[in-house]
Amino acid sequence: MRPIIVLCLAVLAVLGSPEAWAKSRLEQIRQRGYLVCGVLPGVAGFAAVDARGEYSGFDVDICRAVSAAIFASGDQVRFIDATSVDIFAKAPELDLVARRLTWTLTREASRGLMFGPIVFYDGEGFLVPAASPVSGGTDLDGKKVCVDGGEDWAGALTRYAKANRLTIDTVVVTSRVEGEKLFFAGKCDAYAADKSMLGAIRADAPAPAEYRILPEQITKEPLAPLVRQGDDGFFQIVRWTIFALIDAEELGVTHKTVGALRHSDDPDIRALVGADPMVGQALGLSRDWAYDIIADTGNYRDIYTRNLGSGSRIKLDRGMNELWTRGGLLYAPPVR
């Protein structure tokens, strides 16, 4: 009997530990009544905060979509300025970070974090005057290119020039403000930065229509939201929230049509908008979790259009961020 007693005491000790009884991330969020999301205002189209403290942008809407999945409302989210990846260690109440972060091994594995699905396929590209004869990166041979010294944009440009045997006169600037001043004054033939940044730079131009972003990219920067390792249930909610946004676009379900499609004959649409209660239960959510997301924020195209695309001042082509059915890279497992 002694070994059995010892074993039982050991099990009770484990079950009685704070770790075993700690609330899951989803339980913590529900108990406090709102999601805490880290964003980084400063890049137009992705995150901005106005004089009233109201947040808007693509990253902000990703946070709102997660809030809608949990609370049936995108308004139950509070934002924190996440100035670095290490903010997680300093802010235990922070649930999620969505701030143009590139998914890399060291950011994830070495800090006990996990990236969710890619929400934006970014990469270094080129901004040129609309009247410029330059149609691609290889046309920059012998040209002056402004590039910020941060984010390794200058290093990537050097590697690109070497690989393509180009002679590029690289003008390294110390800030975006300096780079914009030189470029808009005609001191550089092109501006090199991530396309997400170039869209914001063009929007700041005195006459945005006089500039265009070249279609090619010379680096890959997959942007994805970030959560903590150990928050597996919450991680699944974030992951399937993003998949639901993508699938909704593919299925033609928008914030305007989601109500009418409740009785669709398409089984994939019916599963998405709440016909099957088992779908939401698998995530610990209501049967209407995806319906609530789409009704609140719209699908992926809705979010992209109003923040970055034709409905915004950024006017950024979708490019690789199109659905796989339209030649892009967006692809999500079916919500069923």
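The values are calculated or read from the model by the stated rules, or taken from the named source; none is laboratory data. Small disclaimer: the values here were computed from a predicted structure and weren't measured. Because the Cβ atoms are built from the backbone with ideal geometry, glycine has one as well, and the counts that use them run over all protein chains shown.
Side notes on the structure shown:
- Yes/no for Ile70 being surrounded by 24 or more Cβ atoms within 10 Å (Cβ to Cβ) and touching a residue at least 24 places away in the same chain (Cβ under 8 Å): yes
- Selection within the stretch 80-94 - buried (at least 20 other Cβ atoms within 10 Å of the Cβ) and either within 15 Å of the chain's Cα centre (by Cα) or more than 23 Å from Gly230 (Cβ to Cβ) (or both): Ala82
- The residues of the stretch 127-173 that are in contact (Cβ under 8 Å) with a residue 24 or more places away in the chain and under 21 Å from the mean Cα position of the chain (by Cα), listed by number, are Glu151, Trp153.
- Flag for Ala209 being within 29 Å of Glu322 (Cβ to Cβ) and touching a Leu at 6+ places or on another chain (Cβ under 9 Å): no
- If the condition is being surrounded by 24 or more Cβ atoms within 10 Å (Cβ to Cβ) and not hydrophobic (A, V, I, L, M, F, W, C), then the stretch 207-248 contributes Pro225, Thr241, Asp247.
- Qualifying positions in the stretch 259-273 - in contact (Cβ under 8 Å) with a residue 40 or more places away in the chain, among the hydrophobic types (A, V, I, L, M, F, W, C) and surrounded by fewer than 20 Cβ atoms within 10 Å (Cβ to Cβ): Ala271
- Whichever residue in the stretch 252-289 is at pLDDT 90 or above and of a type in the set (Lys, Arg) and, among such residues, is farthest from Asp232 (Cα to Cα): Lys256
- First in the stretch 274-296 and assigned by TED's automatic domain parsing to the domain that holds Phe235 and touching a residue at least 40 places away in the same chain (Cβ under 8 Å), second anywhere and among the basic types (Lys, Arg) and surrounded by 18 or more Cβ atoms within 10 Å (Cβ to Cβ), Cβ under 7 Å, 6 or more apart: Asp296/Arg64
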